[in-house]
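These notes are about the structure you will find just below.
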Amino acid sequence: MTEHADDRTVVSEHYGRGDLAARILAALRAAGKVPDALAADDLAPVDQFHTRGKDATLELARLAGVTPEMRVLDVGGGLGGPARTLASEIGCSVEVLDVTEEFCRAGEMLTTRTGLGDLVSFRHASALDMPHSDASFDAVWMQHSSMNIADKERLFAEIQRVLRPGGHLALHEIMAGPVAPIYFPVPWARGPEINFLRPPEEVRALITGTGFEELAWMDETASALRWFRERLAAADAASGELPPLGLHLVLGADLGQMFRNLARNLQEDRAVVVQGVFERP
Ligand SMILES: C[S@@+](CC[C@H](N)C(=O)[O-])C[C@H]1O[C@@H](n2cnc3c(N)ncnc32)[C@H](O)[C@@H]1O
């Protein structure tokens, strides 16, 4: 299956809402933050768009050996939460590449307000057609961004092309479980049109078949499921009342249903969460 320009439009429409930057700024004020002087962590409720938030990002960074002198490409980096975490906690420079233009614009605005503009930048482009020269990054980063991408053969070939020899691919991704189909809506898709999960062993073989050497591969489904249960219990305790700042600003009012469906998909082996690190020889 290939990704067409039409798929990219549908993916951008799924994530983009038109006035996201203004809504995030209003929500930050409502949450008592000063939007001109933000710490990266102030944005965590809205910009860590993956299971287990910042903990998962720092865990993967340790596993992948990310160091301050590295230049990292965050593929499908969204609003830049993982990129700002890597920059502020490790000190490396990160370029976010994302197909949703609104995420890139809002992400740039947030990055300036956190004072991380020297380390984090954004590029609006598709992971299937990266505007970078060969061997230009020390590490390629992916957290929950391959679910909308059908042509994973081309995705991993592009990643290999832009990585320098000895560079690492670090991934933390949702993949297909042994049971089908998944329940919709989920945070990355309201229906099957832009859902392209593949089984972990297929993805693993594809990456090594592209020429990568595997350094780590771990099923993280149990910890993801625990995290969802805690979040859903907290939401129930708040009687469904939403805090000012949260992913509902991005995904809309059915975020709760999307989270419950994702937890159920993980619980019923319809989806799994995997962490992996690979080296380009
Ligand atoms: C669930 S969000 C994850 C965002 C970010 N990685 C994080 O963890 O906060 C998925 C992201 O993948 C991006 N994406 C989907 N297909 C893409 C493609 N072909 N090229 C680049 N980005 C893509 C979406 O626009 C979205 O920002």
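For segment 5-279, relative contact order (Cα pairs under 8 Å, six or more residues apart, normalised by length) works out to 22 percent. Rounded if a/c is under 1.5, else prolate if a/b beats b/c, else oblate: with a ≥ b ≥ c from the C-alpha gyration tensor eigenvalues square-rooted, which is segment 232-275? Prolate shape, in that a/c is at least 1.5 and a/b is the bigger ratio. Counting every alpha-carbon pair across segment 99-168, the share separated by more than 19 Å comes to 42%.
Residue separation of ALA30 and GLU153 scaled by 0.36 nm, minus their Cα-Cα distance, works out to 39.9 nm of gained length.
Normalised by the number of residues in segment 37-125, the mean separation of alpha-carbon contacts (under 8 Å, six or more apart) gives a relative contact order of 30 percent. Which part of segment 67-101 falls in the paramagnetic zone of PHE184, meaning amide N under 20 Å from the point 7 Å along Cα-to-beta-carbon? Within reach of a label on PHE184: 100. Computed over neighbours whose Cβ is under 12 Å from that of PHE103, the net charge equals -3, Lys and Arg +1, Asp and Glu -1. Sorting the Cα pairs of the chain by distance into bins of 5 Å, from 0 upward, gives 1, 6, 13, 18, 20, 19, 14, 7, 2, 1, 0 percent per bin. Here the Debye sum runs over all C-alpha atoms of segment 185-281 as equal scatterers in vacuum, and log10 of I(q)/I(0) at q = 0.14, 0.20, 0.23 Å⁻¹ comes out as -0.66, -1.05, -1.20. Put in line by how crowded their Cβ is, counting other Cβ atoms within 10 Å and starting with the fewest, ILE174, ILE194 read ILE194, ILE174. A DSSP coil position with no more than 14 other Cβ atoms inside 10 Å describes the following GluC sites (Glu not before Pro) in segment 1-93: GLU69. The length gained on full extension between ALA205 and GLU13, counted as 0.36 nm times the residue separation minus their Cα-Cα distance, comes to 66.0 nm. In this rough spin-label picture, where each label sits 7 Å from Cα along the Cβ direction, the GLU59-GLU101 distance is 3.7 nm. The Cα trace of segment 1-147 gives Rg and Dmax of 14.8, 46 Å, the first to one decimal, the second as a whole number. When you count the other C-beta atoms within 10 angstrom of each residue and take the mean per peptide, 159-170, 71-82, 26-37, 231-242 line up highest first as 71-82, 159-170, 26-37, 231-242. When the charge dipole of segment 1-129 is built from unit charges on Cβ atoms (+1 for Lys and Arg, -1 for Asp and Glu) and taken about the Cα centre, the candidate among GLY80, GLY16, LEU38 whose Cα reaches farthest toward its positive end is LEU38.
Coordinate-derived values only; no laboratory data. Note that the structure is a prediction, hence the values are computed from the model and not measured. In this analysis, Cβ positions are derived from the backbone assuming ideal geometry, glycine residues included, and neighbour counts consider all displayed protein chains.
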